1. Which of Val71, Val108 comes first, and how do the rest follow, when ranked by fewest Cβ neighbours within 10 Å?
2. Along Cα→Cβ, 7 Å out, is where each label goes; now give me the distance between the ones at Arg115 and Phe165 in nm to one decimal.
3. With labels modelled as points extended 7 Å from the Cα through the Cβ direction, what inter-label distance (nm, one decimal) is found for Leu284 paired with Leu144?
4. Using the alpha-carbon centroid of each, what span in Å lies between segment 239-267 and segment 80-145?
5. Of Lys241/Lys279; Lys110/Lys271; Lys182/Lys274, which sit over 23 Å apart, Cα to Cα?
Amino acid sequence: MSSQPSKLSSYVPSAVLLVVLAAGAAWALSSPIEGQEALPAVTAWSGAFLVTIGLAAGFLGGIIGTGGCSVMLPAIHFWLGYPAPIAVGTTLFAVIFTAISGGYGHLVRKNLDLRATLWLGVSGILGVVLGSWMFTLLTAHVSLLGLILGLAFLWPAIRMSWEGFGLGSPHKKEGNSIPEHKTGFAIFGFLIGLLTGIVGLGGGYALVPGLIYLFGAPVYITMGTSLATMIPLAVVGGGIKLAQGYVAMGAGLLLAAGTVIGAQIGAAVIKKFKPNTLKLIFGLYFLYVSAKFIGAYFGIMIW
């Protein structure tokens, strides 16, 4: 009985955030941003679709440690018709709320390493600033940006699928922290931030396999640490893209509302999955996304 209040109280911040997002979405949809009139209108159907996609992205992010951009970005670009630069900025903006909700959910369940999070997050901010500037140079090359996204997904997708099927080295025992490597964390965080600014993804697709394979991190701790690290990266990267005019605010807030709920669910159920199962889910989904973006560059549409 004594543990029940603490469980309920862990959802209070997310509930408050959800109310704020709903109010913000209502305001944004009634007051379109100047210069974005040509973007797809948010109807009742597309609004429900955005929340549902956000829910799926948040849930997946909560169990595999990503911000959910890999779900949201192709969905609003390929299915709703948002231009690639706007899709990139809007989904990175939504990841701010995915990371906050999921990171907090993992924090209260002790599924993250705070020391590693600080090193990765602080150095990552520098990379995001540089990467966001480089992003502006690539917006005129939409197809090239898509190819970069696809190639960025490819290596972790193959590696984690391989191990998810049990074809890699035997899984080691889970621990409660990541072996300390301050210099390595700083360099790796900067590179993740750079990629976040350029391709508009929260960085989890690279953080998760990097922490596992480069730093020997336990799988469960990796997922929480990855989401928590994405908070400063997404805040800075999403904030810059908002200032640059690459965020469709109404769509972004609806996505965010869904991710807040989904990330809490994912964080709550993560330990019901075996580590190799998480790797397999991660790997197979990213193989699909990688094929989708690379195929689009060569004119091959994969649904």
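Readers should treat all values here as calculations from the given coordinates under stated rules, not as data from a laboratory. Note that the structure is a prediction, hence the values are computed from the model and not measured. Neighbour counts run over all protein chains shown; Cβ positions are idealised from the backbone, glycine included.
1. With the sparsest Cβ surroundings first, the list reads Val108, Val71.
2. Here the modelled spin labels are 3.8 nm apart.
3. 3.6 nm
4. Computed from Cα coordinates, the inter-centre distance equals 11 Å.
5. On the way: Lys241/Lys279 31 Å; Lys110/Lys271 12 Å; Lys182/Lys274 29 Å.
Those over the limit are Lys241/Lys279; Lys182/Lys274.
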